[in-house]
Each structure stands twice: as C-alpha cells, then as structure tokens.
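Q: Pasting a structure here, questions to come.
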Amino acid sequence: MPRSEDVLVEEHLRELAARLHGPTRLKSDLLTEARHGLLDAVEAYREGGVPPTEAQRRAVAEFGSPAQLLPSWQAELAVGALRGFSLRMLAIAAVGVIAGDLTWQGSSWSGGSRPPAVYLLLSTSVEWIWTGSLLLAAAGLLVVAAGARSPRPGLAAAQRAVGAGLTGAVALGMLAGTALFAWSFGLWDAALHWPPMIIGGVLAGGAYFSLVRAARGWLRATTR
C-alpha cells in the first residue's frame, strides 16, 4: 500500500496510465509492477537518510520518464492486444466455419428452387472469410509466441500485418454476413420465422460486436 506522502510516485504512475492504451489486465500488471519498483527504490533512499521528497525525485528519475518508458510498454500492450484479438477471432471463426450452414439446414425452403448464382457466391464468400480469419488468427498467435521468444523488427512488422488483416476481415465479414442475412430474408419470407436463422443472426451480431471491440483495442494500442 503506497503511503499518502508518496505524491510524486503516484503522479508519475498516473501520467503513465493516462498515456498507455491496451488490455486492461496487462496494463494494470505493468503499473502495479512499476509501483512496487518505485516504492522499493523510495524506501531504499529513505533508509539511506535521504529526505522523503528527494527520495521520490531520485526514484522517479532513476525509473525513467514517460518518453523513455512508453515505447517499450506500449509495444508490449500492442502485442497483448493482438493476442486477445487473435484468440477471440480463433474461437468465433471456428464456430462460424463449423456452424455457418446450420442456420438454414432443414428449413422449408432448403429443398426448393435454387437461389441466384450471386447469392451462392456471397454465401461461399462468407465461408471463405471465416476460414481466412481462422488462419489469420492462428498466424497471429504464432507471431506473438515467436516475438516473445526472440523479439525482432521483422516479427513486429508481421504482428502489425496480421492485426491489420484481422481488422479487415472483421469489416469484410460484417458487410458480407449482413448482406447474406438480409438477402436470405428477402428471398424466403419463412426465414423471418425460422428459429435457427434468428438465433444465428443474434449470435453473429454479438460475435461481430465482440470482434469490433477487439479490433478497436488493437488499433488504439498499435497507433499510440
């Protein structure tokens, strides 16, 4: 527990917190570790006979300014954001690949007239988007793991490329998926009352909302 007189330490931490963007838990862990290190340094100076305020100034100066600390810390948060984004996409895309067709199988219209060729192309495109997203998510986890073992500039560029690809996949998937559902309701009135379609639409909406949040978090962490 920091002492009430450790004002300079807390101001330094608040400035760092305000300028960092990334996963909440990872950011909290970084700041907690920083607080412990700073308070230990302050305590060591005070035990050496340094006045409290001067002990804080020395500890803060020794720890580093925001300009010195932020680049590496923000890079770590960006990697954490990509890891979370990739995991979320991996789970959602896997469900999309496996369960995508279940929304209409067994429906009253599935054995009727063949839909337009462009509709079938759009449906196939949605499946390919989910499959591509699944592969991109796996690639994201691989480059994150590789970067943790051996940080290299090339891996950082690969992480940014994968994150950009995942963000593009979210946008493309939302457009294609929404168009497919809307067209399905236009082609078959019964689709409006078909439970799997309704449930699938709700789940897809929730999935894309979650993915948009993950993409936004990654973009904020990366562009800082």
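Q: Return the FRET efficiency for the residue pair Arg160, Arg57: r is the Cβ-Cβ distance, R0 is 41 Å, and the value is rounded to the nearest 0.05.
A: Numbers: r = 38 Å, r/R0 = 0.92.
According to the calculation, E is roughly 0.65.
Q: Say each of Val97 and Thr24 gets a label point 7 Å from the Cα, pointing the same way as Cα to Cβ; how far apart are those two points in nm?
A: Between Val97 and Thr24, the label points sit 3.1 nm apart.
Q: Return the calculated 222 nm mean residue ellipticity for the chain, to the nearest 500 deg cm²/dmol, obtained by summing -39500 (n - 2.57) across DSSP H runs with n ≥ 4 and dividing by the residue count. Don't jump to the answer; show the numbers that get you there.
A: Working: 7 runs with 180 residues, N = 224.
So the helix-based figure for the chain works out to -28500 deg cm²/dmol.
Q: If I model a spin label as a point 7 Å beyond the Cα along the Cα-Cβ vector, how far apart are those points for Phe209 and Ser125 in nm?
A: 2.6
Q: Here's another thing I want to ask about it. So the label point goes 7 Å from the Cα of Val7 along Cα→C-beta, right? Which residues of the range 35-64 then have their backbone N under 15 Å from it?
A: Zone members listed by number: 52-57.
Q: Classify the chain as rounded, prolate or oblate, taking a ≥ b ≥ c as the square roots of the eigenvalues of its Cα gyration tensor: rounded when a/c is under 1.5, otherwise prolate if a/b is larger than b/c and oblate if not. Intermediate values should be presented prior to the final figure.
A: Details: a/c = 4.37, a/b = 2.97, b/c = 1.47.
Note, shape of the chain comes out prolate.
Q: Follow-up. Residue by residue through the range 129-145, which ³J(HN,Hα) values in whole Hz follow from phi under the Karplus form 6.51 cos²θ - 1.76 cosθ + 1.60 (θ = phi - 60°), with glycine and proline marked x?
A: After applying 6.51 cos²θ - 1.76 cosθ + 1.60, I find 5, 4, 5, x, 5, 4, 5, 5, 4, 5, 5, x, 5, 5, 6, 5, 5 Hz.
Q: Then there's this: Distance between Cα centroids, the range 130-187 to the range 19-80: provide it in whole Å.
A: 34
Q: Heavy atoms only, probe 1.4 Å: what % of the accessible area of the chain goes to carbon and sulfur, would you let me know? Present the calculation step by step, with values, prior to reporting the outcome.
A: Values: 8100 of 12650 Å².
Carbon and sulfur atoms account for 64 percent of the accessible area of the chain.
Q: Taking 8 Å as the Cα distance limit and 6 or more residues as the minimum spacing, I'd like the relative contact order of the range 137-224 as a percentage. Before the final figure, lay out the partial values.
A: On the way: 30 pairs, mean separation 26.3, N = 88.
With pairs under 8 Å counted, the relative contact order is 30 percent.
Q: Starting from the Cα of Phe185, step 7 Å along the direction of its Cβ; do the same at Val202; then give the gap between the two resulting points in nm.
A: That separation, rounded to one decimal, is 1.4 nm.
Q: With a 1.4 Å probe and all protein chains left in place, how much accessible area per residue does the chain have, in Å²?
A: Working: 12650 Å² over 224 residues.
On a per-residue basis, 56 Å².
The values are calculated or read from the model by the stated rules, or taken from the named source; none is laboratory data. Quick caveat, the model's predicted, so the values are computed rather than measured. All Cβ positions, even for glycine, are placed from backbone atoms using ideal geometry, and neighbour counts span all protein chains on display. Side chains are part of the model used for accessible areas, which takes the heavy atoms of the whole protein and leaves out ligands, DNA and RNA. Shrake-Rupley method; radii C 1.70, N 1.55, O 1.52, S 1.80 Å.
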